[in-house]
Structures are given as C-alpha cells and as structure tokens.
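The values are calculated or read from the model by the stated rules, or taken from the named source; none is laboratory data. Note that this is a predicted model, so its numbers are computed, not measured. For neighbour counting, all protein chains shown are included, and Cβ atoms are generated from backbone atoms with ideal geometry for every residue, glycine included. All accessible areas refer to the heavy atoms of the entire protein, side chains included, with ligands and DNA or RNA removed. Shrake-Rupley method; radii C 1.70, N 1.55, O 1.52, S 1.80 Å.
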Amino acid sequence: MKQNDLPPVSLMNNQSDAVQYGETNIEYQRKVLKYITEIGSSLRLDMNADTLFKRVSEAICTALRFRYSVLYISDGAGYFRACATAGEGPDKEEYLQQHPLPDTVVAQLISEEYRMSESYFIPAEAPLWKNDHINSFFVLPVELSESSILYEERQVSSNRIWQAEDLLVVPLVSGDNTLLGFLTPDAPLDGLRPTYETLSFLELFANQAAVVIEGARLYEEAQRNSEERAALIEIGRVLSAPEALRDLDTVYQTIYEQVKRVMPADAFFVIRYLHQKNALMIDYFIDEEVSYPPFEFQHFPANMKKLLFEERQGYMFSCEQEYKHFLNVEAPEIDGNLFGSMRPSQSFLFVPIHYGETPIGLLSAQSYQPDAYTRRHLEMLKEISIQAGIAITNARLNSELRDALKQAQESDQLKNHFLMTASHELRTPLTAIQGYLELLGAFGELVDEEAKLRFLTNARRACEELVLLLGNVMDTSRVDQDGVSLNLGPVKVINTVQLILEILEPTTTREKRPVEVRIPDDLYVWVDDLRLRQILLNLVGNALKYTPAFSKIEITAKRVDGDTLNERPLSPHGHHLDTACDQFVIIAVKDWGPGIGAQDQGRLFTKFMRLDSALNSIQRGAGLGLYLCRQLTEAMDGRIWVESQGIPGEGSTFVVALPRYTDKDEISGQLCNLDLT
C-alpha cells in the first residue's frame, strides 16, 4: 500500500482500521527514511551543478510523493533562480527560469506568519496571493491528485485538502545559517496539505541536500579558481612570447579561448580606440565560433566614451532590455547596429583596456542567454583587460619600430636609387651640351651654318631637358617640405592644352606625331594655371617619350559630376574626393604605346618610380614627374589615375579630374577641334 492510498484518520470506520493505518504508516516512514538516506549518500560534491540540482528536485518528488517540485538557488546578486524542476513541462520550466524571484519577494514568502516547523506554508487563501506581482513569478500545477478530488467528494474539511494555489517553501540553509535556496514541492499525491510529520521528512532531506549543495558550490569555486589561474597563466605565457609582438591575432585568439574557459562567450570582441579619428576599430570579433575580419564601428555611444575615458569598473547587462536602456539616448534603433550572426545578444560584459592612464580600447564578452554573467565574471574580464592592454601596447610599439626601420631602409634605398638615377640622367644632357660645344670650338670654322644651327638646337634641347629634370627635383622638394603654394583662378582648358602643344611642337613635328584634341571651348577649371601646365607637360611629355614615333596622342576633356566621379574604381594610391565642389572636368591624355600592367599601376605615382621598361629605354627621367603630378592635382582638390589593360598597342590613358569653374556671363559654348600633325 502506498501513502497516497491511505485515507486520513477521520475517514476510518473503526479502531481496527486505525491500527492498520498506524502500522502501515510506520512502515512507510521507515521506507522514506531509508530512501532519503540513500539519496543523500548518492549526492556527491564532484557532481556537475546542474546534475546535482536535478537529482535533488527529482528526489524530493520520489521520496515524499509530490507531483512537482522546483529548486531555487541564490545567485548572490539579489535573486533566487529556478535551477531545476521535476514534473514540470518544458514551457513552464522555461517560464520559471526567465522569472527569478527577487530577494524582496522571497522575504515575503518566508515571513513568520507562514512558518510551519522550519519551513513555510502559504495557503491558497493567504492575502499574499492577491498581489498580482507576486503571482507573476509562479505557475499553477496542471492537475491535482486523485486523492484531493476524492477528499472533496467525501466533503473532508477544505483546510486539510491541498489547493492549486498552495505553496510550500522548504529552506536550504548553509552551515553558517545563510539561505542557499529553497525547494517548493507541489501537488502531493496524497492530496493533503503538509503535516509536521511530512515537514520533518522534507526538512531532513533538505538539510542533507543543503550540505551537499554547499560543498558542491565550494568545490566548484575551487575548480573555478583553478581555471581562472590557469587562464591567466596561459594568457601571460602567450603574451610574453616573442611572437606576441608580431602577431596580435594569435594573442587575441588566446585571450578568447581562455575567456571561454571561465565564462560564457558566444560572441567576443577586442575593440581598439582610434585616437586620431575618435572612433572604434573592432580588431578581433568572433561570433559562435566564426571569426570576422576587422572593421571600423561607426556608432560610438556617449556612455561607451564614458566607460573608456572615465570609468574603470566595466559594465554588466543581464538582458537586452538593460543594454537598450543603457543606450537609449544615443541608439534607440540598436537592431540597426547588429553584425556577425545578426542575433541580438542577451547578456553583455564590457571592460575598458588601459595602459597606464591611456585608453586603448574595450573587451566585450556576450551571450545569447539572459543572466549569463555574474560580478565575478566581470572582475575576471577586468584582470584579462590589464594583460590585453600590455600586449596591445607592446605590439603597437614593436610595429611602429619595425615600420620606422623599414622606412629608414626604404629611404636609404631611395636615396641611393635617386643619386644613381639623377647622376645618370643629369650626365646625359650635360654630355650632349659639352659635346656640341667642343665640336663648335674645335671645328667651328670648318662646319657650315646649317650644321652649326643643328648643333646649337640640339644643345638647347639638352639644356631644356636638364632644366625640366632639375625643376621636377626642386618642385618635389618644395612640395614635400613646404606644401604647394597655389594661385587659384579660372583657367580655360583648351588654352592651356594649346600652350603645352606649342612647347612640345618640335618633338611632335620631328616624330610626325598626330595629336588629336577634342575639348569643348567652354570648359574652365578652378586651378593654378602654372601648376596645370606643369601637370599636362609631364603627362603629354611622357606620352611622347614612352610610345613609338608616328603613334597618335589624343587629348580630351569633358564635364562630370562628383557622384559619377567617385563611382569610378580607385587606383591603389587614389582617394575619393572630399570637396564642396560637385562639378568636375576630366582631362584625359591617351597614347597607343605598350600599356602599363595592373601590377605596376599602383607604383606609378610614387616618388623616384620608374618602370623596368623605362629604366632600360633611352628615355631619361628622375622618376618624379608622376609623383609631382599627383601631389599638385590633389592640392587643387582633384584626382589623377591611369587606365590601361597592359596590352601593347592599346596604350594607356592618364586622367586628371579637377574642379570645374562656371560663369554663364563670360563663357561661350563653342567646341574647339584641333588636329595637330
């Protein structure tokens, strides 16, 4: 016979039934005590906490004949959380887990007016249940036992029958009299409210469970301390390795792996503060084991600035609503800032990274479960952030030293290359001048006038080449040291092109070059006229120097708006235009020479740069012309680039975009077509 089959004494018909009940009840008590002892001895300190809590919750139902039970454990942060249930469906279990009991509610449940032995029984008729707020933390059992229904049919006193709204609280108390948590067994199978006898068994079991739970928590605490020490040691070991100075990604990966050992980390960030831009760069981001490339975070909330610059304690948010409330002034549409897996996190930790007093960035661990973090997790992440600050600073300093060394080596190479190139390029026209002058001096009386004129013309051209070379060197030096001095004004494009072609006419005539010009007569640009001539002289001069004789040169110009211009793909040294002007003129110089490969186009506009094909040609140059063109163009709020497929015979097109100048009262609309051959 089971206890739930036993009728209460008031329903027994005679003394014989009462004697039989007493004997059966003693046998039941003996079995319960034995079962409680066995269960108590089976609970081990080294059990996983979740497993232990589940065993306790299930055991109290099995031993004391309850249909349901819930085990609440204090989180040390003002709440008692439902850590395990027995008999409850998954939906109700999830609801209880999502609605932890605040200390204030628990204090009302364990009020002295509800005390019964060492436990607390809050009957359905208690005034406490009129409070909707308190009711919201609980769920009613699905059904009462058959015994409860039986007793109701036999009209047993209602104050003895278990009601759906009844609540029994059995405390779990530690050795130092601290409330660890409590059990809430519900819907007894005998259908009756608890007696002192029932409570004695419940409290005996609860005392055994409390001892094991307290021991298990101490055991877990020791294990956690060991894990945290191991994590910090491992991070320190990696940071002290020489590789850490060169490979921050490995450092970040190690920090993430060690963080994962001691706390939930569905997503993890290492965020670096960019001082010059006052922005945040996410250097390392991993979300559900998927790594993402670094990117700049556009939104920088004011409260995050406060954390970074003023506070050292860090922030912990237990749910998404807390985080939204924290950011609501700056970022009401927080969903618009999702990235990675695009899932909103539910729990957040943020701690600042400092090196001394200098803010470096932020560490953030995030979980997709609410209430995933404790104050201990926050303190641990703060310890890790100290080591991260040292690692990031050391890596940055090492990187700066390596960059400085590399620049010094490159500067030394450039200096040697320039001296070698300049000595060769300058010597060539000087040798020509010297040769022609010596010929005139030695054989002047023997040479006819036509030959003398040819010698002088060649010497003059050599002088012009020498002046151009030295001019580029001097202009480059001025641009690098003092910047560019500009005298901006409206300049008619066709006039400047005509002037350049007049200067280069001896070359185009000698090489029989067809030069086609298609430029509207009403195109004006807002530039420095002298600098524009200097740019075009370099570009057209290069087109003549590095393409075969008799091949065509084409110069065109057209209007374009800023948006269209910025849609064009950038070369490696290009930049998007950042100017108030929204109208531009594109001047293009096209040749039909050997073309320029994509691998060489990014280097064209750098200092002292000459392609291998140019170094092996008879053409002279210091490698400064295109660098100077880029500097001058950008100084006038323009942009320069090259377009070429690198196919011989299809050539290259050098394009300059400059701000357009318009004045309808002064500018006509005629089209000027020139065909110079």
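Tabulated values for the structure
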| item | result |
| --- | --- |
| Positive minus negative residues near residue 283 (Lys, Arg vs Asp, Glu; Cβ under 9 Å) | 0 |
| Label-to-label distance, nm, for residues given as residue 221 and residue 133 (7 Å Cα→Cβ offset) | 3.2 |
| Length released on extending from residue 159 to residue 369, taking residue separation times 0.36 nm less the Cα-Cα span | 71.4 nm |
| Linear extension gain, residue 563 paired with residue 94, 0.36 nm per residue minus alpha-carbon span | 163.5 nm |
| Nearest-10 value in Å² for the accessible area of residue 350, using the 1.4 Å probe | 10 |
| Sequence of 129, 592, 162 from largest to smallest accessible area, 1.4 Å probe | 592, 129, 162 |
| Members of 277/324; 277/305; 130/324 lying beyond 22 Å, as alpha-carbon distances in this model show | 277/324; 130/324 |
| Candidate residues 180, 218: accessible-area rank, largest first, probe 1.4 Å | 218, 180 |
| Estimated FRET transfer efficiency (residue 302, residue 635; beta-carbon r; R0 51 Å; 0.05) | 0.85 |
| Probe 1.4 Å, all protein chains present, accessible-area order of 430, 109, 504, largest first | 430, 504, 109 |
| Nearest-10 value in Å² for the accessible area of residue 325, using the 1.4 Å probe | 130 |
| Area accessible to solvent at residue 590, 1.4 Å probe radius, in Å² | 50 |
| Extension gain from residue 550 to residue 124, taking 0.36 nm per residue of separation minus the Cα-Cα distance | 142.7 nm |
| Estimated inter-spin distance, residue 431 and residue 458, nm [label 7 Å along Cα→Cβ] | 1.4 |
